Amino acid sequence: MIKLDFIESGNLKDFNKIIIFIHGWKGNKNSFKSLSSIIKIPDAKWIFPQAPYKMDDSQESYPWSFQKSDGSYAVSKTVSLLNNFLKENVLNIIDSKHVFLLDFHKEQQCVMI
C-alpha cells in the first residue's frame, strides 16, 4: 500500500501537541519545514506530509490532486492517504484535540483546518 512521505521537526520526544502543515500546489514535504524553527511553539511536534502525485516537469513538485480528462479533479486517493496517514502517524499517539492541521494556499495564505 502506498503511504504519504513526510518529515518531522520540533520537539520529537516530549510533545503535547502536533502541528501538521500541508504544503500547497507544486510544493513538497520540505517547503515549510523551516516554520518549526521560526514559529517556536513549546512542546510541539511538527509534521510535514508530501502530496502523493509527482508533477511531470519537476523533481520537487507534488500536487494533492490532478485534473482528469473530464475536467474534474481526482481527490479520492489523497483523502484515503491522508486518512491513513493521520491514523497511523498521529491519532495513534495523541488525542485529536491536540492536533492542529494547517494548510497553505497562495490565495488564502495560511489556513487552519
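How far apart, in nm, are two points set 7 Å out from the Cα along the Cα-to-Cβ line at K26 and at I7?
The two pseudo-label positions are separated by 2.0 nm.
Using label points projected 7 Å from each Cα along Cα→Cβ, tell me how many nm separate L91 and D14, to one decimal.
Each label point is offset 7 Å from its Cα along the Cβ direction, giving 3.0 nm.
How far apart, in nm, are the 7 Å Cα→Cβ label points at A74 and S37?
3.6
If you place +1 on the Cβ of every Lys and Arg and -1 on the Cβ of every Asp and Glu, how big does the dipole about the Cα centre of the stretch 40-110 come out, in debye to the nearest 20?
Working: 8 positive and 9 negative charges, 40 e Å.
For the stretch 40-110, the charge dipole is close to 200 debye.
Within 10 Å, count the other beta carbons around each residue, average over each peptide in 36-45, 12-21, and list them highest first. Walk me through the numbers before you get to the answer.
Details: 36-45: 13.5, 12-21: 15.7.
Highest to lowest by the protection proxy: 12-21, 36-45.
Output the relative contact order of the stretch 6-112, whole-number percent, from Cα pairs under 8 angstrom with separation of 6+ residues.
On the way: 178 pairs, mean separation 34.4, N = 107.
Result for the stretch 6-112 is 32 percent.
With each run of n ≥ 4 DSSP H residues scored as -39500 (n - 2.57), what mean residue ellipticity at 222 nm is computed for the chain after dividing by its residue count and rounding to the nearest 500 deg cm²/dmol? Walk me through the numbers on the way to the answer.
Details: 2 runs with 18 residues, N = 113.
Computed ellipticity for the chain at 222 nm equals -4500 deg cm²/dmol.
Work out from phi, with θ = phi - 60° and the Karplus expression 6.51 cos²θ - 1.76 cosθ + 1.60, the ³J(HN,Hα) of each residue of the stretch 36-46, listed in order in whole Hz, and give x for Gly and Pro.
So the J values, rounded to whole Hz, are 5, 8, 7, 9, 7, 9, x, 6, 10, 9, 9.
Taken together, the values in this text are just the output of simple stated rules run on the coordinates, not laboratory data. Given the structure is predicted, the values throughout are model-derived calculations rather than measurements. A quick note on method: Cβ atoms are made from the backbone with ideal geometry, for glycine too, and the neighbour counts reach across all protein chains shown.
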